[in-house]
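**Student:** Mind having a look at this structure? Questions to follow.
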Amino acid sequence: MKAYFRRFWGITMSLAGTLSHEVGSSLMATVKPIVFVVDDDVSVRESLELLINNEGWHPETFASAQEFLDRPPLSTPSCLVLDVSLPGLNGLELQKRVAQRVDLPIIFITGHGDIPMSVGAMKAGAVEFLTKPFNDAVLLTAIRQALERSRIALAREAEMQELRDHYSSLTPRERDVMALVVSGLLNKQVAGELGIAESTVKAHRGQVMLKMKANSVADLVKMTARLHQSSATDQSPSSA
C-alpha cells in the first residue's frame, strides 16, 4: 500500500508540474506582446507604430531614451527597437542601462552605423543591427525572434521565482536536512550530523519533498544547483 501511495503521489506531482508549466506557457502565449520603439524622428515612430500594429503586437513609442527609462518595466513578452543616435542618452548607452533585463531583447536601427558600432552592439546582446532604410520584412523577422527570446526569458524567470518561493517556505531545520540529503548522506547519517532522531529526519525530509515539489533526491540536487546558480548570478558585480 505504501509503495502504491508513493507511486500515486509521484505521478500526481509530475502531472501537477506539467499542467502548471502548460498553463503558464498558455497564459504567456495569450498576452499581447509589446514592441517598444525609441527614435527621435517622429516619422519613423509613426511608420513603425503602424507596422507593429498591423502584425497584432502592441506598439509603444518614445522620442528619447530617458522617456523609455521613465516607463516602469513589465513582465510581458516585449522587445525594444532602438535608434542609435538619440538626444541626450544615446542608444548604446541605453543598452548598457537595461543590460540586466534579459527579457527585453534589443534591435538597433540607425542611419549612421559602422562596423565597430554594430559589432559592439551585437556582442552586448542585440538581436539585430539594421541600417536605415531597412526592409520591413527583415525588421519583422527580427522582432519575432526578439519576442520569442523574451517569452523564454520570462518563463525561465517565473520558474526560478517559483523555486525560490518553495525554498523560502522551508523551515531552517528543513533546509539543514535538505542540504545534507543532497550532499549524499543517508537518513541515519543526517540524524547524526544534526543530533536528532532518524524518525525526525524522515519527517523533515518528507516535508522538504512536499514543499519543494520534488519526486526524488535527484530532483532536489537539480533544484539546489539552480538555486545556487541563481544566487551567484544575483550577487555578481555585473548585476549590482
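**Student:** Could you please find all residues in the stretch 86-98 being open to solvent by 10 Å² or more (accessible area, probe 1.4 Å) and in contact (Cβ under 8 Å) with a residue 40 or more places away in the chain?
**Tutor:** Of everything in the stretch 86-98, those that are open to solvent by 10 Å² or more (accessible area, probe 1.4 Å) and in contact (Cβ under 8 Å) with a residue 40 or more places away in the chain turn out to be Leu86, Pro87.
**Student:** Taking into account only those residues within the stretch 121-145 that are open to solvent by 80 Å² or more (accessible area, probe 1.4 Å) and assigned to a loop (DSSP other than H, G, I, E, B), which is nearest to Arg45 (Cα to Cα)?
**Tutor:** The residue in question is Pro133.
**Student:** Also, quick follow-up: Identify the residue in the stretch 86-120 that is in a loop (DSSP other than H, G, I, E, B), small (Gly, Ala, Ser) and at pLDDT 90 or above and, among all such residues, is farthest from Glu49 (Cα to Cα). Give the derivation first.
**Tutor:** Just the residues of the stretch 86-120 that are in a loop (DSSP other than H, G, I, E, B), to begin with: 86-90, 98-105, 111-114.
Checking which are small (Gly, Ala, Ser) leaves us with 88, 99, 111, 113.
Adding the requirement that they be at pLDDT 90 or above leaves 88, 99.
On the way: Gly88: 23, Ala99: 24 Å.
Per the stated criteria, the residue is Ala99.
**Student:** Next question, about the same structure. In the stretch 99-115, what residues are more than 16 Å from Val37 (Cβ to Cβ) and in contact (Cβ under 8 Å) with a residue 24 or more places away in the chain? Reasoning before the result, please.
**Tutor:** Pass one, the stretch 99-115, residues more than 16 Å from Val37 (Cβ to Cβ): 99-103, 112-115.
Residues satisfying the conditions are Ala99, Gln100, Arg101, Val102, Asp103, His112, Gly113.
**Student:** Okay, next question. How about the stretch 62-80: which of its residues are open to solvent by 40 Å² or more (accessible area, probe 1.4 Å) and more than 23 Å from Ala153 (Cα to Cα)? Talk me through it step by step, then tell me what you get.
**Tutor:** At the first step, the residues of the stretch 62-80 found to be open to solvent by 40 Å² or more (accessible area, probe 1.4 Å) are 66-67, 69-75.
Result: Gln66, Glu67.
**Student:** Here's something else I'd like to know. Among the residues of the stretch 181-220, write down those that are under 19 Å from Arg164 (Cβ atoms) and surrounded by fewer than 16 Cβ atoms within 10 Å (Cβ to Cβ).
**Tutor:** Correct list: Leu210 only.
**Student:** Select from the stretch 51-61 the residues that are part of a loop (DSSP other than H, G, I, E, B) and open to solvent by 60 Å² or more (accessible area, probe 1.4 Å) and list them in ascending order. Steps first, please.
**Tutor:** Looking only at the stretch 51-61, we keep the residues that are part of a loop (DSSP other than H, G, I, E, B), and these are 55-57.
Correct list: Glu55 only.
**Student:** Which of the following residues is out of contact with any helix residue (DSSP H, G or I) (no Cβ under 7 Å at 6 or more places or on another chain), over 28 Å from Lys213 (Cα atoms) and of a type outside the set (D, E, K, R): Leu139, Leu104? Full working, then the answer.
**Tutor:** Details: Leu104 fails: out of contact with any helix residue (DSSP H, G or I) (no Cβ under 7 Å at 6 or more places or on another chain).
Of Leu139, Leu104, the one residue that is out of contact with any helix residue (DSSP H, G or I) (no Cβ under 7 Å at 6 or more places or on another chain), over 28 Å from Lys213 (Cα atoms) and of a type outside the set (D, E, K, R) is Leu139.
**Student:** Only residues that are in a helix (DSSP H, G or I) and loosely packed, with under 15 Cβ neighbours inside 10 Å: list them for the stretch 163-178, please. Lay out the reasoning, then the answer.
**Tutor:** Within the stretch 163-178, the subset in a helix (DSSP H, G or I) is 163-168, 172-178.
Matches in the stretch 163-178: Arg164, Asp165, Ser168, Pro172, Arg175.
The values are calculated or read from the model by the stated rules, or taken from the named source; none is laboratory data. If you're wondering where the values come from, they're calculated on a predicted model, not measured in any experiment. We place every Cβ from the backbone using ideal geometry, glycine too, and count neighbours over all the protein chains shown. Please note that ligands, DNA and RNA were not included when accessible areas were found on the heavy atoms of the full protein model with its side chains. Shrake-Rupley method; radii C 1.70, N 1.55, O 1.52, S 1.80 Å.
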